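I have placed the structure first, in the form of structure tokens, so that the comments after it can refer back to it.
The values are calculated or read from the model by the stated rules, or taken from the named source; none is laboratory data. What you are looking at is a predicted structure, and each value in this text was computed from that prediction instead of being measured. Note: ideal-geometry Cβ built from the backbone for every residue, glycine included; neighbour counts use all protein chains shown.
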Amino acid sequence: MAGATQDFSQFDISKEEIDKLVAEVVRYVLFKTHQNSGCPIKREELVQLVTKNYSQRALPAHVINAAKEKLSNAFGYELRELLRCRPSSATQGRSTQQTGVAEAKSYVLISQLPAEVYKKYVEDENSAHLSGFTFVVISIVHLAGGKIPEDILWRHLKRMGLCETDASHPVFGNAKQALETLVQQRYLQKDKVNGPEGNTLFYELAERALDGPVSEKMKEYISEIVSKDVVPVDVDEAE
Amino acid sequence: MPSLNWKHHALVQALMTRGPLKEKDFHAIFSGLTGKSPGAHQGLFNEYLLNINKELSSCQFELRACRDQYVGQVCYGVVNNVADEQSKLGTKYTVQQIAFFKGILEAIAQDVIAQGSISNIEALNIRLENQVLSTQGSQLLNGPLPAAFRNFTMSQKEKTLDEFVQDQWLCCTPDGKIGLGVRSCLDLRGWFRNLDVPFCEVCNEAVVKGEILCPRCGLKWQNQLPKAEILDEEEEANDAIQSQPAQRPKRKRTKTNETHEKDAVGCGSSQSSVPNSDFRRITRSSSRPASQR
């Protein structure tokens, strides 16, 4: 059970104890992902599962790596590591290409199944609306350069039938909460910027949306959509 | 440990993402992935499930099947086998809702006429104060019950009941009552044992619906007999059978079996239907899933 590629011989711990630790981490990741609807899990939470009973310094890293292997071999999930970004206003002076300084590591579960297999057999059609919402919002923010004022974002969403004030939308329920969920899931992050007219709230892409595979796929899908014959519309136009 | 490929993973992820699946849907996924139907390739299907369970067991999970006791439908699901600190994260229900759920399960399991269901009114009248609650670890809650439990309103109970049905922990039976949902059947076997719910010695499922009295001597049969079918001698040789609901053990059809569903009235030939001579009995040890051995 302990990862085939992980060498635990340096630790004075039995194989059974290692297996138990790895299973605990795997179970924690699976149950926590379910409980918090896919929000990233902080690495520190996984480390504490090990350090609460064991003090060996390098043990948590080994156990987490073994848990990664187990999740991949048994379930077909990648335990993908993300580096938490800080809002761009907190990193002034840096290149505009960067969105922030990496702070803490976190993890999300990503299916390793081929996309067409996942879509055909695994995808829960009851949650398809959430995936669609996520894609649309991330796309809008991406097309706006990675960062967009809150009111402009809602203006675009309103054109698609979702108002900021909708508290009982037939599909999304509370619209503001639906957007807030994307922040909790780290697709977006909020940034308050001081300006001449006071504070303005911005939404910008966070580490989950900036992660390589997600970002590449998103650009691909956007290209597919915009390559069709559509009439360009000025984003500043009022409804 | 066997190596699983993307087809195994697709089966596991389908159940984990979409929840328990009816047999026909699960079989359809298997057929789509492998190009072979479980019906015609039972050995291959069993091998897939066995290999999946060998991997899942190291994390205390299991791919299991159960038969709905109300309509007889088989469902598959990935279940958790251990109630530990990690699994407590797996619920979105509040402590009050969980206490309410426990009350409903107890009412269903302890129903003297063993209908396997209770009415909506009975469910709504369950009092949380009667539940024994646990705090961290295994300590019992001492002292007066928190107000949150006493004040769990009827409206909250109604809403919670709907959630339980939607999430398949409970179900609406064909006669409009509240019964055990497929998730409860799959997930809560250990809890049923603690409640001294009898387990069928043939199919090893918790018997919440139906209790048979021998019409000859009045002796209670604690285990519900399955419908009469022909016993298949090959079942015992197949290790993977424990991953599925035990194939209904088969025996020669007797007249008396037809009366079982009517709570056994009549006598005479009933003696022959006592589970001994006319059919081969599958003992609990042979029918128990591998993960429980």
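Of the numbered criteria (1) in contact with a His (Cβ under 8 Å, 6 or more places away or on another chain); (2) facing chain A (nearest Cβ under 8 Å), the one B:H8 fails is (1). Can we say B:L44 is at pLDDT 95 or above and under 30 Å from B:T173 (Cα atoms)? For B:L44, the condition - at pLDDT 95 or above and under 30 Å from B:T173 (Cα atoms) - is not met. Residues in the stretch A:116-142 that are more than 19 Å from B:R18 (Cα to Cα), polar (S, T, N, Q) and without any contact (Cβ under 8 Å) to a residue 60 or more places away in the chain: A:T134 alone.
Residue count for the stretch A:181-217, restricted to those that are among the hydrophobic types (A, V, I, L, M, F, W, C) and closer than 20 Å to A:S111 by Cβ: 4.
B:Q115 meets the conditions (1) surrounded by 15 or more Cβ atoms within 10 Å (Cβ to Cβ); (2) at pLDDT 90 or above; (3) not aliphatic (A, V, I, L, M) in every case but one. The failed one is (2). Scanning the stretch B:147-192 for residues that are part of a helix (DSSP H, G or I) and among the small types (G, A, S) yields B:A147, B:A148, B:S155, B:S184, B:G190. Within the stretch B:16-42, can you find the residues that are more than 9 Å from chain A (Cβ to nearest Cβ) and in contact (Cβ under 8 Å) with a residue 60 or more places away in the chain? B:P20, the sole residue that qualifies. Taking only the stretch B:51-107 into account, find how many residues are more than 14 Å from chain A (Cβ to nearest Cβ), under 15 Å from the mean Cα position of the chain (by Cα), outside any strand (DSSP E or B) and not small (G, A, S). So the count comes out to 7.
Say whether the condition of being over 28 Å from A:Q189 (Cα atoms), in contact with an Asp or Glu (Cβ under 6 Å, 6 or more places away or on another chain), of a type in the set (A, V, I, L, M, F, W, C) and part of a helix (DSSP H, G or I) is met by at least one residue in the stretch A:3-20. Looking through the stretch A:3-20, none of the residues is over 28 Å from A:Q189 (Cα atoms), in contact with an Asp or Glu (Cβ under 6 Å, 6 or more places away or on another chain), of a type in the set (A, V, I, L, M, F, W, C) and part of a helix (DSSP H, G or I). One residue stands out in the stretch A:195-214 among those that are at pLDDT below 90 and assigned to a helix (DSSP H, G or I): the one that is farthest from A:R86 (Cα to Cα), namely A:P213. Does any residue of the stretch B:36-50 turn out to be within 30 Å of B:Q156 (Cα to Cα) and not in a loop (DSSP other than H, G, I, E, B)? No. Taken together, the residues in the stretch A:33-72 that are buried (at least 20 other Cβ atoms within 10 Å of the Cβ) and facing chain B (nearest Cβ under 8 Å) amount to 1. The residues of the stretch A:100-119 that are over 15 Å from A:Q185 (Cβ atoms), part of a strand (DSSP E or B) and in contact with an Asp or Glu (Cβ under 6 Å, 6 or more places away or on another chain) amount to a single one, A:K105.
Residues that are in a loop (DSSP other than H, G, I, E, B), surrounded by 15 or more Cβ atoms within 10 Å (Cβ to Cβ) and in contact with a Gly (Cβ under 9 Å, 6 or more places away or on another chain) within the stretch A:120-173 comprise just one, A:D166.
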